[in-house]
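Participant: Take this structure, written in C-alpha cells, and hold onto it; I'll ask about it next.
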Ligand SMILES: Cc1cc2nc3c(=O)[nH]c(=O)nc-3n(C[C@H](O)[C@H](O)[C@H](O)COP(=O)(O)OP(=O)(O)OC[C@H]3O[C@@H](n4cnc5c(N)ncnc54)[C@H](O)[C@@H]3O)c2cc1C
C-alpha cells in the first residue's frame, strides 16, 4: 500500500519466537513487522527510507510485459530449468493460493499448490471463518439478552444461555466444512495438492518437504501468509495469555480478559467475549481506540460498541511485560506510558488476548537462494505482485500475494492479488486497485469501509489541489433498519464535488459489511456519483442507505452515461 494511504501504526520491537500450528512448528520471523492496524489490515510501507529507495528502484523498472521485464534478471539468479512440471506452482494453500489456483485452472494452466500445514490457511482455520462463527453466536446472544430489544418486538424469552463447547464446536465445524470445500474444489479442478513445506531453490524451482522432491514451474507464486505477531516481553502460554489462534478454539470464557490492541481482531473478540459474559479491558498504544477507522466512525463505534458494554480501556500505553497466570497468581500486565516510557500501573486479569497484528510468514522459504531480502519479514513486490530482489530487479517468474507481501492483509485482497497474477502470466496486464478493496469488522453492528478516510482524503486533496466534500446518511431514516429496530448507524461518503469521484465510503450499522460493495464496485469500475445516484434500489432494503447517501452528495458534474436505449419490460 502506498505509504500516504496507510493507516497509523505504532512501532513494535523485534522478537524471535516459535508459533505452533496444528501439525508443524514453523519458526516465526525474528524481525517483527510494524504493529499492524486498521484494523491491522493495511500495513505501512516499509520504513520511510527503505520505502523511498524501493520506490526509486521500482520507478526504474521497465514497464514491459512480465516476460520481457524479467529476462535481464534471469541470468543473475542462476539458470532456469528448460522444461517444467507445472505452468504454475503456488506455495501456500490459504485463501490467496486457493483463489490463484482456481483462476489458473480456468485459464488452462497446469497448476500445483504446496501446503505445509492444512489447506485453507489462516482465514479458514484460524481467522475469518471460525471468528465469524463465534460472532454469529455473539450476535444472537446479544439479541436474546437485550430485554429492551426483545420487548420492542413484543417478544419474550425467559433466559438466554450457552454451552461453551457447543459454541466452540460450531466454529470448529464451520472451519472443517470450509476447509473440505476448498480442498475438494481444487481436487475437482485438477489442481495437484503437494503436501509439505516449500523452499525455493532457485528460479522456477521449489523443493517440497518432507520427501524433498524438486518441482519446477514456469511461474511461482508465494502465498505463505502470516502468523500472530507477539511483541517482545509477552509470554504466550496458550491458556491464559493467548493469541487469536488459541482464542478461536474457545477453550475457556474468562471472567475478565484484557485485549491488547484495539484493531479489528481485538474489537471482534471484544464483541464475542462481552456477549458471552466476560468483562473486557482494552490496552491500546495509541491515544484512541480503533485508530485505523475514519475518526467519526471510531467515535460512533466507541459510543455503541464500547461505552455501553462491559468494557474499559487504557489508551496511550504499551504492555511491556505480560506474565501468564501461574501458582495461583493472575495474569500480570505491566504498562508503560507510550510516549514518556514511564511505568504506569500493572493490571491483574484472568486472561490476556494479544491482538497486536500479524507477522508475515516467510522464513525458511529460501528467499536467499534468489537474492531476495524481506523487509521486516514481508516480501518486497511491485504493484503487479512481482518479487523484487536486493538489487531492485524483478525476480524472474516469481510473485508474492496475500499477507506475505503485506499490501493489504485481508483474505479477499490475497485472493484478488492471486487472480491478478494469473491474468498477467496468461498474457493480460493487470494492476489491482487496492483502494477499491473493501474491509469490514463484523461486530454488532458491523463496520465497513473502502477507500480513504476523511483525513486521508483531505490530505490528498490539499496536495493535489482538489476540494473534498462529505455526505452522510443515518440508518434512522431507513425503513428496513427501523423494522429490525436497528436504527443506530451512519454511512459517510467522501467525494470530489467537482467531478463526482468517490474517495471513500464508511458505514457503521446493520449489515454494513454487505452494504459496502456497492461503493467498492463503483470505485473499482470508476463509476461517478452523478451516475450511480440514478441506480434504483429495492424498497424497503438497507441498500437504500447508500442510495440516499449518493443522492445527498452535491456534485457539480452532470451525469455522464445516460441510458440511450431504454429497455422495455
Ligand atoms: C482472527 C482473524 C480474523 C480474520 N478475519 C478476517 C475477515 O473477516 N476478513 C478478511 O478478509 N480477513 C480476515 N482475516 C485475515 C485473513 O485471515 C488473512 O488476510 C488471509 O488468511 C491471508 O491469506 P493468505 O493466503 O495470504 O495466507 P494464509 O491464509 O495465512 O495462508 C498461508 C498458507 O501457507 C502455508 N505455508 C506457509 N509457508 C509455507 C511453505 N514454505 N510451504 C508450504 N506452505 C506454507 C501456511 O501453512 C498457510 O496454510 C482474519 C485474520 C485473523 C487472524
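Every number in this text was worked out from the coordinates using simple rules, so none of it is lab data. Model, not experiment: these values are computed from the prediction. Note: ideal-geometry Cβ built from the backbone for every residue, glycine included; neighbour counts use all protein chains shown.
Participant: With r defined as the distance between the Cβ atoms of residue 159 and residue 484 and R0 fixed at 30 Å, what FRET efficiency is calculated, to the nearest 0.05?
Facilitator: It comes to 0.80.
Participant: Using only the alpha carbons of the chain, determine the length spanned along each of the three principal axes and report them from longest to shortest in whole angstroms.
Facilitator: Largest to smallest, the principal-axis extents are 76, 73, 51 Å.
Participant: Which FRET efficiency value, to the nearest 0.05, is calculated for residue 476 and residue 536 with the Förster distance at 25 angstrom and r the Cβ-Cβ distance? Mind showing how you got there, number by number?
Facilitator: Numbers: r = 23 Å, r/R0 = 0.90.
Computed FRET efficiency for residue 476 and residue 536: 0.65.
Participant: Going by average Cβ neighbours within 10 Å, how do the peptides 136-144, 191-199 rank, with the highest at the top? Each step should come with its number before you reach the end.
Facilitator: Working: 136-144: 18.0, 191-199: 19.6.
Taking the mean over residues of other Cβ atoms within 10 Å, the ranking is 191-199, 136-144.
Participant: Can you give me the distance in nm between label points at residue 428 and residue 391, each placed 7 Å from the Cα along the Cα-to-Cβ direction?
Facilitator: 3.4
Participant: Quote to one decimal, in nm, the extra length available between residue 309 and residue 106 on full extension: 0.36 nm per residue of separation minus the C-alpha distance between them.
Facilitator: Details: separation 203, 0.36 × 203 = 73.08 nm, distance 4.80 nm.
Residue separation times 0.36 nm, minus the Cα-Cα distance, leaves 68.3 nm.
Participant: For residue 369 and residue 145, calculate 0.36 nm times their separation in residues minus their Cα-Cα distance, and state this gained length in nm to one decimal.
Facilitator: Full extension from residue 369 to residue 145 adds 74.9 nm.
Participant: Can I ask one more? Tell me the relative contact order for the chain as a rounded percent, counting alpha carbon contacts under 8 Å between residues six or more apart. Mind showing how you got there, number by number?
Facilitator: Details: 1274 pairs, mean separation 89.5, N = 569.
In percent, rounded to a whole number, it is 16.
Participant: Considering only segment 233-378, what is the antiparallel percent among its DSSP beta bridges, to the nearest 5?
Facilitator: Counting DSSP beta bridges with both partners in segment 233-378, the antiparallel share is about 45 percent.
Participant: If packing is taken as the average count of other Cβ atoms within 10 Å, what order do 257-266, 490-499 fall into, highest mean first? Each step should come with its number before you reach the end.
Facilitator: Working: 257-266: 27.0, 490-499: 21.2.
Sorting 257-266, 490-499 by mean packing, highest first, produces 257-266, 490-499.
Participant: Now for a separate question. Let me have the 222 nm mean residue ellipticity of the chain computed from DSSP H runs of 4+ only, each contributing -39500 (n - 2.57), with the sum over all residues rounded to the nearest 500.
Facilitator: Helix contribution divided over all residues of the chain: -8500 deg cm²/dmol.
Participant: Between residue 554 and residue 237, what FRET efficiency comes out of the Förster formula 1/(1 + (r/R0)^6) with R0 = 60 Å and r the beta carbon distance, rounded to 0.05?
Facilitator: Working: r = 56 Å, r/R0 = 0.94.
The calculated FRET efficiency here is 0.60.
Participant: Share of antiparallel DSSP beta bridges in the chain, in percent to the nearest 5?
Facilitator: 60
Participant: Next question. So for each of 436-444, 518-526, 273-281 I average, over its residues, the number of other beta carbons within 10 Å; can you give me the resulting order with the highest mean first? Kindly include the intermediate steps, with their values, before the conclusion.
Facilitator: Numbers: 436-444: 22.4, 518-526: 18.2, 273-281: 20.4.
Descending packing order for the listed peptides: 436-444, 273-281, 518-526.
Participant: Here is a follow-up. If I model a spin label at residue 132 and residue 177 as a point 7 Å from the Cα along the Cα→Cβ vector, what separation in nanometres do I get?
Facilitator: 1.2
Participant: While we're here: Any chance you could get the radius of gyration and Dmax over the Cα atoms of segment 296-447, in Å?
Facilitator: 21.2, 63
Participant: Moving on to the next point. Where the Cα atoms of segment 478-545 are projected onto their three principal axes, how long is each span, largest first, in whole Å?
Facilitator: Taking the Cα atoms of segment 478-545, the three principal extents are 37, 21, 19 Å.
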